[in-house]
Amino acid sequence: MKQIRLLLLSACLATAGSALSAQDCYADYKAKQNNPLRLHYGVAALRSDCSKAAATRELEGRLKAGGWVLLNVLSVFEASGLDQRKNDAGQFYLRY
């Protein structure tokens, strides 16, 4: 019984840890619109895995809904990297 409790506790902690890491993950990206051509650099909070591939899948849909096309994900990073990107992202800082 003691071992089952430990296993359950370990599983709960592992789940909480993965949710926290996804919550603390961000990506910076480049996107465009056509007619007229507009480009932007942005920073977005990720809800999925903290990887470039997951960020690409997630941001494509969000940006498309706003009329933008994702060009590329530059990097994924933790909250400690937000401040250095805030000014560059301007109005697209945590918008999508």
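The values are calculated or read from the model by the stated rules, or taken from the named source; none is laboratory data. Remember, predicted model here, so these are calculated numbers, not experimental data. Every residue, glycine as well, gets a Cβ built from its backbone with ideal geometry; the counts of neighbours run over all protein chains shown. Just the protein is used for accessible areas: all its heavy atoms, side chains included, with ligands, DNA and RNA removed. Shrake-Rupley method; radii C 1.70, N 1.55, O 1.52, S 1.80 Å.
Annotation: amide H-H contacts under 5 Å for Y93 (H modelled 1.01 Å from N, sequence separation of 5 or more, or interchain): V43.
What the range 54-96 shows is 61 Å² of accessible area per residue, with the surface traced by a 1.4 Å probe over protein heavy atoms.
Count the net charge of all other residues whose Cβ sits under 13 Å from the Cβ of A54, scoring Lys and Arg as +1 and Asp and Glu as -1.
Surrounding charge for A54 is +1.
Electrostatic bookkeeping for S80 treats Lys and Arg as +1 and Asp and Glu as -1; over the other residues with beta carbon under 14 Å from its beta carbon, the sum is -2. Each Lys or Arg adds one and each Asp or Glu subtracts one; over the other residues with Cβ under 10 Å from the Cβ of Y26, this totals -2.
Multiplying the residue separation of R38 and E60 by 0.36 nm and removing their Cα-Cα distance gives an extension gain of 6.3 nm. Backbone geometry of the range 53-60 corresponds, through the Karplus equation with coefficients 6.51, -1.76 and 1.60 at θ = phi - 60°, to 3J(HN,Hα) couplings of 5, 5, 5, 4, 4, 5, 6, 4 Hz, x marking Gly and Pro.
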